[in-house]
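Here is the structure we will look at.
What follows draws every value from the coordinates through simple rules; no lab data is involved. Just so it is clear, the structure is predicted and the values come from calculations on it, not from any experiment. Cβ placement follows ideal geometry from the backbone for every residue including glycine, while neighbour counts extend to all protein chains displayed.
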Amino acid sequence: MILPKLGLTMDEGRIVAWHKREGEAVARGDVLFEVETDKATMEVESATAGILRKILYDADATAPVATVIALITDTADEPLPADAVTLGAAAPKPSLRADPQPRSAGGPPGARGPSEPQPLAPSSDGDRVRSSPAARKRAQELGVAIAAISGTGPGGRVTLEDVEGAATAPASPATSGGERREPLSRMRRAIGERMTQSVRDQPQFSISRDVDMTAANEKRSQMGASYTDVIVAACAKALRDHPRLRARIDEGSLVTPDAINVGIAVALDDGLLVPVIGDADRKGLGELAREREDLERAARSGKLRADAVAGAVVTVSNLGTLGVDRFTAIVNPPEAAIIAVGRVSDRVVAKGGSPAVRPVVTLTLSVDHRVADGATAARYLSAVADRLERGDL
């Protein structure tokens, strides 16, 4: 089992917890472990079935992507590779506590089972604190007493974000100019790097369209869905006839996937995540609504599955719930397009030569100019608008 790359910006991950113990049977699709990336804590499923024979990177260890972190065999007595013990030698392992612990069967006093969670070493001030190595190191750099920090991670573990938050709360010493300095969180750094890459590498343009949401509103009310759901449905189904907008540039080639997966920007306290609805064009409005709600809930609780944040061909970003009328979003690489959604509000429009009040939304489509030109983008946005205005969702 290798540590998967769960995003373009992920170079390493911290193992938060193992959901299986050594010697236990594992089925394909079972949640095997949780990993903390630069964006969130995610659950990773096993890609194969067998017996979890050896865990090479314990909980709280950090490993580079594509590193072998565990061994799964077909049978319980299958010989392991000769170098199985040293495969995870580079992993920073947490130390055992000094005080005696219950011993495992057949083990010496104080020994733990091979896959039991290992407690962390005492902090420098003598208090035993559940925290990651990165958090302890950062606490030392910032001069923060880690024992005084309330952890928000699994089991009350103190995370890097907890340390950085404690360093600036309730207030950091002000400079002579009345400024306050605080370090960027890992999520903000990742977002900054991603958006800088987007603007630098993807020449972008944007086009907008006002859409009458009368029919879409009736449809969503019938299905108990949101405005985001109807827009996701329209965007996904329109991509069937506009494959160019679901393509991406990869090493000088134009790659067009068959699957129409749509990302949904979810705002968090310190940034955003983009969970993905797979095969969104094949799902009914009710199913889309339920899956979107589940993804948003998982994103906000830090429990997104690894396969829920990859593979999007377009992203929908809705700030209408925050009262924004219209805005322009930056393309989320490697995707080639993103749709920014403003609020749905009553506006006076012309209907049959007479003024009428209708619920209207402004959609703004941003596109990677290397993939598509203005006319292609305009035809796609028109198709999205037509589906919404006809209620063809």
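So the values come out like this:
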quantity	calculated
Nonlocal amide H pairs with residue 268, under 5 Å, H built at 1.01 Å	273
Out-of-range pairs (alpha-carbon distance over 32 Å; input 219/351; 5/283; 54/283)	54/283
Among 286-297, 67-78, the order from most to least packed when residues are scored by Cβ within 10 Å on average	286-297, 67-78
Stokes-Einstein translational diffusion, the stretch 196-390 - Kirkwood Rh over all Cα pairs, 0.890 mPa s, 25 °C, in µm²/s	145
By average C-beta atoms within 10 angstrom, highest first, the peptides 254-266, 305-317	305-317, 254-266
Cross-link partners of residue 303 among aspartates and glutamates (Cα-Cα below 12 Å; sequence separation of 8 or more within a chain)	34, 36, 43, 294
Per-peptide average of other Cβ atoms within 10 Å, ordering 209-217, 320-328 highest first	209-217, 320-328
